[in-house]
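Novice: The structure that follows is given in the form of structure tokens.
The values are calculated or read from the model by the stated rules, or taken from the named source; none is laboratory data. On a predicted model such as this, the values are computed, not experimentally measured, just so you know. Reconstructed Cβ throughout: ideal geometry from the backbone, glycine too, with neighbour counts over all protein chains shown.
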Amino acid sequence: MSDTPETPEHFDTPTHLKAWMEAGSKPIEQWRIGTEHEKFGFHSKDLTPLSYDGPDGIRAMLEGLMAFGWEGHYEGDNVVALTRSDADGGGSVTLEPGGQLELSGAPLENIHQTCGEISTHLHQVGSVAKELGQSYLGAGFSPLWGLKDAPQMPKGRYMLMNNYMPTRGARGLEMMYLSATVQVNLDFGSEADMVEKLRISLALQPLATALFANSPFKDGKPSGNVSERSKVWLETDNQRTGMLPWVFEEGFGFEKYVDYALDVPMYFVVRNGAYINALGMSFRDFMDAKLPALPGEKPTKVDWENHLTTLFPEARVKRFIEMRGADSGPTQSLCALSAFWVGLLYDADTQKQVAALVADWTAEERMALRLGAPVTGLATPFRGGTLLDVAREVMVLSEKGLRARARSDGSGGDETQFLAYLQAVVADGRSPAMALLDKYHGPWGGDVRPIFQEMKF
């Protein structure tokens, strides 16, 4: 942990904000892995999305999961999240705007634990879902239903965003209600380590998009993209999304990330459990006690933490780094995402090799990959070859990093076993979405509905 001053109750200077972020630095023995994934719930009998209320709705799922030791958290009378104590395994279960059920995993030491946590969660969800006539789909974008069909969850944050998002991009509501992701959260050891990790993460996020592309359908037919989820983000509020090219400039560090975050307009402030509309307002004004929504008040640590959750670049910094470029998918892919990034970023020698690999990529090349990967996946052109060529090289490095970590499952296996899903993708030479399209045009007979059986958990 870096030597930073104690954080005050109020965060009223950029220095306070920077100190809070820098205090996330940890020695390598304290680095952990936090894996999050979202999934679409639907009625098994007719493939329609789950409403919040009703005997077979999302509320019923959350209440059913409480039997496994989860504690409910409420907005008014509505349960909107679940948590567990660290002693009981930690983590949380939350709701995305369209009812996507999300597991935010506990910070764990290795991928064996991460994959075990995911399996346990899916078993619990499956047990409750069977009783309710529900199923859950692992995909990056709703393959069948659209915005008119999507339910709305009773969360104050999302209610505020509903009117704002369409003013900030053509597809912001689709991002909220129709997309699902898997991400991994990783630690850094110092400011310099954060900088190197974030640069690697941003440069390679289009590769992750291509490797995990699992959403080629929209409104019941092929969309023309292998990752409709990733494509949607290109038309969602560009003040808070994207590839952050300035991260690669000389002098980047926590201070410049704080400056970026301060320039992103606010969404809300939470007081006494209620969401107060701060849409488009400035956190800088908030630090000067001039926020129109709360005149005379200055922000707290929680206000800053909440604001950082409203930034959506392809890789995001808080007190750790979040990898945000992958589609949700089958269980093996959820474990594979964590293995992929841990292999690249949790072994010092491997990280240096990866940093050298992407060091001379230009901002234009990185952006071309970001634009191309959602459409053409691993076939996206790059330097006389394709992203598949990059994937082959990077996968070797990820496996090398995991072997160097030497984290055993107790039966002689290490973490490299969790790369099998990606190794099969690279061996096939195509993003996973292409296999779904083959089935759509072949045995599915042009009908997207079989995906609900094939890709359900």
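Novice: Among the residues of the stretch 126-134, is there at least one that is buried (at least 16 other Cβ atoms within 10 Å of the Cβ) and under 23 Å from residue 273 (Cβ atoms)? Full working, then the answer.
Specialist: Filtering the stretch 126-134 for residues buried (at least 16 other Cβ atoms within 10 Å of the Cβ) gives 128-129, 132, 134.
Checking which are under 23 Å from residue 273 (Cβ atoms) leaves us with none.
No; the residues of the stretch 126-134 include none that is buried (at least 16 other Cβ atoms within 10 Å of the Cβ) and under 23 Å from residue 273 (Cβ atoms).
Novice: Restricting the stretch 46-76 to residues that are assigned to a strand (DSSP E or B) and touching a residue at least 60 places away in the same chain (Cβ under 8 Å), which is farthest from residue 129 (Cα to Cα)? Steps first, please.
Specialist: Applying the first criterion (assigned to a strand (DSSP E or B)) to the stretch 46-76 yields 49, 71-75.
Imposing the further condition that a residue be touching a residue at least 60 places away in the same chain (Cβ under 8 Å) reduces the set to 49, 75.
Values: 49: 13, 75: 23 Å.
Per the stated criteria, the residue is 75.
Novice: Please go through the stretch 249-298 and give me each residue that is among the aromatic types (Phe, Trp, Tyr) and within 14 Å of residue 316 (Cα to Cα), ordered by number. Walk me through it before giving the result.
Specialist: Applying the first criterion (among the aromatic types (Phe, Trp, Tyr)) to the stretch 249-298 yields 252, 254, 257, 260, 267-268, 275, 283, 286.
254, 257, 260, listed by residue number.
Novice: Within the group 258, 264, which residue is among the aliphatic types (A, V, I, L, M), touching a residue at least 24 places away in the same chain (Cβ under 8 Å) and touching a helix residue (DSSP H, G or I) at 6+ places or on another chain (Cβ under 6 Å)?
Specialist: So the residue among 258, 264 that is among the aliphatic types (A, V, I, L, M), touching a residue at least 24 places away in the same chain (Cβ under 8 Å) and touching a helix residue (DSSP H, G or I) at 6+ places or on another chain (Cβ under 6 Å) is 258.
Novice: Cβ-Cβ distance below 7 Å, separation of 6 or more or different chains: which pairs start in the stretch 204-215 with a residue that is more than 15 Å from residue 183 (Cβ to Cβ) and acidic (Asp, Glu) and end on one that is at pLDDT 95 or above and surrounded by 24 or more Cβ atoms within 10 Å (Cβ to Cβ)?
Specialist: Pairs that qualify, where the first residue is more than 15 Å from residue 183 (Cβ to Cβ) and acidic (Asp, Glu) and the partner is at pLDDT 95 or above and surrounded by 24 or more Cβ atoms within 10 Å (Cβ to Cβ): there are none.
Novice: Now for a separate question. I need the full set of residues from the stretch 25-62 which are within 29 Å of residue 272 (Cα to Cα) and surrounded by fewer than 15 Cβ atoms within 10 Å (Cβ to Cβ), in order please. Walk me through it before giving the result.
Specialist: Start the filter on the stretch 25-62 by keeping residues that are within 29 Å of residue 272 (Cα to Cα), which leaves 34, 36-38, 51-54, 57-62.
Listed by number, the residues that qualify are 53, 54.
Novice: For the structure I just gave you, tell me whether residue 239 is in contact (Cβ under 8 Å) with a residue 40 or more places away in the chain, under 22 Å from residue 104 (Cα atoms) and not in a strand (DSSP E or B). Walk me through it before giving the result.
Specialist: Working: in contact (Cβ under 8 Å) with a residue 40 or more places away in the chain: yes; under 22 Å from residue 104 (Cα atoms): no; not in a strand (DSSP E or B): yes.
No; evaluated as a whole, the condition is false for this residue.
Novice: Out of curiosity, is residue 394 among the hydrophobic types (A, V, I, L, M, F, W, C) and more than 22 Å from the chain's Cα centre (by Cα)? Don't jump to the end; show me each part of the working.
Specialist: On the way: among the hydrophobic types (A, V, I, L, M, F, W, C): yes; more than 22 Å from the chain's Cα centre (by Cα): no.
No: the conditions fail for residue 394.
Yes or no, residue by residue, for (1) among the charged types (D, E, K, R); (2) crowded, with 22+ Cβ neighbours inside 10 Å; (3) closer than 27 Å to residue 280 by Cα:
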{"site": "150", "(1), (2), (3)": "no, no, yes"}
{"site": "157", "(1), (2), (3)": "yes, no, yes"}
{"site": "168", "(1), (2), (3)": "yes, no, yes"}
{"site": "171", "(1), (2), (3)": "yes, no, yes"}
{"site": "188", "(1), (2), (3)": "no, yes, no"}
{"site": "206", "(1), (2), (3)": "no, yes, no"}
{"site": "209", "(1), (2), (3)": "no, yes, no"}
{"site": "214", "(1), (2), (3)": "no, yes, no"}
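Novice: Here is a further query. If I ask for residues that are surrounded by fewer than 16 Cβ atoms within 10 Å (Cβ to Cβ), charged (D, E, K, R), in contact (Cβ under 8 Å) with a residue 12 or more places away in the chain and within 19 Å of residue 210 (Cα to Cα), which ones from the stretch 343-380 would you list?
Specialist: Passing the criteria: only 365.
Yes/no matrix, rows are residues, columns are (1) exposed (fewer than 14 other Cβ atoms within 10 Å of the Cβ); (2) touching a residue at least 12 places away in the same chain (Cβ under 8 Å):
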| residue | (1), (2) |
| --- | --- |
| 412 | yes, no |
| 417 | no, no |
| 420 | yes, yes |
| 430 | no, yes |
| 434 | no, yes |
| 437 | no, yes |
| 442 | yes, no |
| 445 | yes, no |
| 448 | no, yes |
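Novice: Something else about it: Give me a count of the residues in the stretch 293-312 that are over 29 Å from the mean Cα position of the chain (by Cα), touching a residue at least 12 places away in the same chain (Cβ under 8 Å) and surrounded by fewer than 17 Cβ atoms within 10 Å (Cβ to Cβ). Give the derivation first.
Specialist: From the stretch 293-312, those over 29 Å from the mean Cα position of the chain (by Cα) are 293-298; that's our starting set.
From the residues that got through so far, the ones that are touching a residue at least 12 places away in the same chain (Cβ under 8 Å) too are 293-294, 298.
Checking the rest, the ones that are also surrounded by fewer than 17 Cβ atoms within 10 Å (Cβ to Cβ) come to 293.
So the count comes out to 1.
Novice: Residues that are hydroxyl-bearing (Ser, Thr, Tyr), assigned to a helix (DSSP H, G or I) and over 25 Å from residue 420 (Cα atoms): does the stretch 208-221 have at least one?
Specialist: From the stretch 208-221, those hydroxyl-bearing (Ser, Thr, Tyr) are 209, 215; that's our starting set.
Among the residues that remain, those that are also assigned to a helix (DSSP H, G or I) are: 209.
Narrowing further to those that are over 25 Å from residue 420 (Cα atoms): none.
The answer is no; no qualifying residue exists.
Novice: Among the residues in the stretch 277-284, are any within 24 Å of residue 104 (Cβ to Cβ), touching a residue at least 60 places away in the same chain (Cβ under 8 Å) and over 15 Å from the mean Cα position of the chain (by Cα)?
Specialist: Looking through the stretch 277-284, none of the residues is within 24 Å of residue 104 (Cβ to Cβ), touching a residue at least 60 places away in the same chain (Cβ under 8 Å) and over 15 Å from the mean Cα position of the chain (by Cα).
Novice: Right, next: From 303, 263, 288, which residue is over 24 Å from residue 164 (Cα atoms) and charged (D, E, K, R)? Walk me through how you get there before you give the answer.
Specialist: Numbers: 303 fails: over 24 Å from residue 164 (Cα atoms); 263 fails: over 24 Å from residue 164 (Cα atoms).
Just a single option satisfies the conditions, and that option is 288.
Novice: Quickly run through the stretch 316-341 and pick out the residues that are closer than 25 Å to residue 21 by Cα, under 11 Å from the mean Cα position of the chain (by Cα) and among the small types (Gly, Ala, Ser).
Specialist: Matches in the stretch 316-341: 325, 326.
Novice: Here's something else I'd like to know. Could you give me the residue pairs with C-beta distances under 7 Å whose first residue belongs to the stretch 22-33 and is closer than 16 Å to residue 185 by Cβ, whose second residue is in a helix (DSSP H, G or I) and not acidic (Asp, Glu) wherever it lies, and which are 6+ apart or on separate chains?
Specialist: From the stretch 22-33, the pairs are 33/111; 33/114; 33/338; 33/342.
Yes/no matrix, rows are residues, columns are (1) on the phi > 0 side of the Ramachandran plot; (2) free of Cβ contacts under 8 Å to residues at least 60 places away in the same chain; (3) within 15 Å of the chain's Cα centre (by Cα):
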{"position": "218", "(1), (2), (3)": "no, no, no"}
{"position": "227", "(1), (2), (3)": "no, no, yes"}
{"position": "232", "(1), (2), (3)": "no, no, yes"}
{"position": "244", "(1), (2), (3)": "yes, no, no"}
{"position": "249", "(1), (2), (3)": "no, yes, no"}
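Novice: Given the options 79, 128, name the one that is outside any helix (DSSP H, G or I) and either closer than 21 Å to residue 374 by Cβ or aliphatic (A, V, I, L, M) (or both). Quick ask: steps written out before the conclusion?
Specialist: Details: 128 fails: outside any helix (DSSP H, G or I).
Unique residue meeting the criteria: 79.
Novice: Taking the stretch 82-136 on its own, how many of its residues are closer than 19 Å to residue 49 by Cβ, charged (D, E, K, R) and touching a residue at least 60 places away in the same chain (Cβ under 8 Å)?
Specialist: 3
Novice: Taking the stretch 9-41, which residues are over 21 Å from the mean Cα position of the chain (by Cα) and in a strand (DSSP E or B)?
Specialist: 10
Novice: While we're looking at this one, here's another question. If you go through the stretch 407-457 one residue at a time, how many are aliphatic (A, V, I, L, M) and touching a Gly at 6+ places or on another chain (Cβ under 6 Å)?
Specialist: Taking the stretch 407-457 as the starting set, the residues that turn out to be aliphatic (A, V, I, L, M) are 419-420, 422, 424-427, 433-437, 448, 451, 455.
When the remaining residues are screened for being touching a Gly at 6+ places or on another chain (Cβ under 6 Å), the result is 448, 455.
Of the residues in the stretch 407-457, 2 are aliphatic (A, V, I, L, M) and touching a Gly at 6+ places or on another chain (Cβ under 6 Å).
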